[in-house]
Amino acid sequence: MLLSKKTSIKISCEYANLIGHMCYAASKLWNVCNYERQHYKETGLVQYPDWYYQKKAHKEDLWYKQLPSQSAQEVCKLLDKAWKSFYALKRSGGIESPRPPRFKQEGIPITYMQMGIVHERDTEKVRLSLPKALKKYMEGTYQIHENFLFLENKIFRDMDQIKQLR
C-alpha cells in the first residue's frame, strides 16, 4: 500500500540556497524546452520535439546538469504532459481558446525520484544526492561544500521505502 504524506521541513541557509538554485535551474530547463517546442521549425528541428528527444538533447546543457538526472527528466516529462493537455483541449473544444504552457518566471518545485533518495532505516534522516555540476558551482560561488542534502523529520522514521520527494 502506498501512502502519501505532506510535511514541511526546516532547513539551513546553505540548504535553502542549494534547493533554491535547483528550483531555479528546473524553471530554466522548463523554459528552454518550452521555447524549443513553440519554435521548433525556426530552430531547425525537422520533427516536433517530444520529451524523450528533449531529455536526450539537453543532457549536456547547463540547466540540465544543475539537477539530478531523474529530476531533470521529470521536468521534461511534466512539460510534455502540459503540451499534450493543451492539444487535447484544443481538439476537444473543451475550452474556447486554450493557451499553451507558459514560461516559468519563478523557480518550480523539483521532484526527487527513488534513485536519488537514501533513507536510513529507523531514523529521521533522508539523504538526497546532488549533481556534480551543482556541487562545483556552489563551492566556487558560495563556498558551500556539501556532497548531499540531509533532511530530518519525524515522519521519515516510520517509513520503509520512499518513492519520491517534492
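No value in this document is a laboratory result; all are computed from the given coordinates. The model shown is predicted, which means the values in this text are computed figures rather than measured ones. Heads up, the Cβs are rebuilt from the backbone with ideal geometry, glycines too, and the neighbour counts pull from every protein chain shown.
In this simple spin-label model, placing a label point 7 Å from the Cα along the Cα-to-Cβ direction at both Gln114 and Lys56 gives a separation of 2.5 nm.
Add +1 for every Lys or Arg and -1 for every Asp or Glu among the other residues with Cβ under 15 Å from the Cβ of Ala25, and state the total.
+4
Pairs of Cα atoms under 8 Å, at least six residues apart: use those to get the relative contact order of segment 92-166, whole percent. Provide the component values of the computation, followed by the final result.
On the way: 80 pairs, mean separation 27.6, N = 75.
This gives 37 percent for segment 92-166.
Stokes-Einstein at 25 °C, 0.890 mPa s, Kirkwood radius from Cα pairs: D for segment 1-72 in µm² s⁻¹?
Details: Rh = 14.3 Å.
Diffusion coefficient, whole number: 171 µm²/s.
Note on Ile155 and Leu45: the extension gain reaches 34.9 nm, defined as 0.36 nm multiplied by sequence separation minus the Cα-Cα distance.
Once the Cα-Cα distance is subtracted from the 0.36 nm per residue extended length, the Ile11 to Arg102 segment shows a gain of 29.7 nm. As a size descriptor, the averaged projected area of the C-alpha convex hull of the chain was calculated at 12.1 nm². Which of the residue pairs Lys5/Lys125; Lys56/Lys163; Lys65/Lys136; Lys28/Lys55; Lys55/Lys136; Lys6/Lys28 have a Cα-Cα distance greater than 18 Å in the structure shown? Correct reply: Lys56/Lys163; Lys55/Lys136; Lys6/Lys28. Across segment 96-110, computed HN-Hα scalar couplings (Karplus, 6.51 cos²θ - 1.76 cosθ + 1.60, θ = phi - 60°) run 4, 9, x, 9, x, x, 8, 6, 8, 8, 10, x, 10, x, 9 Hz from first to last residue, x flagging Gly and Pro. Working from Cα pairs under 8 Å separated by at least six residues, relative contact order for the chain is 26 percent. Shape class for segment 87-166, computed from the alpha carbon gyration tensor (a ≥ b ≥ c): oblate, with a/c not under 1.5 and a/b at or below b/c.
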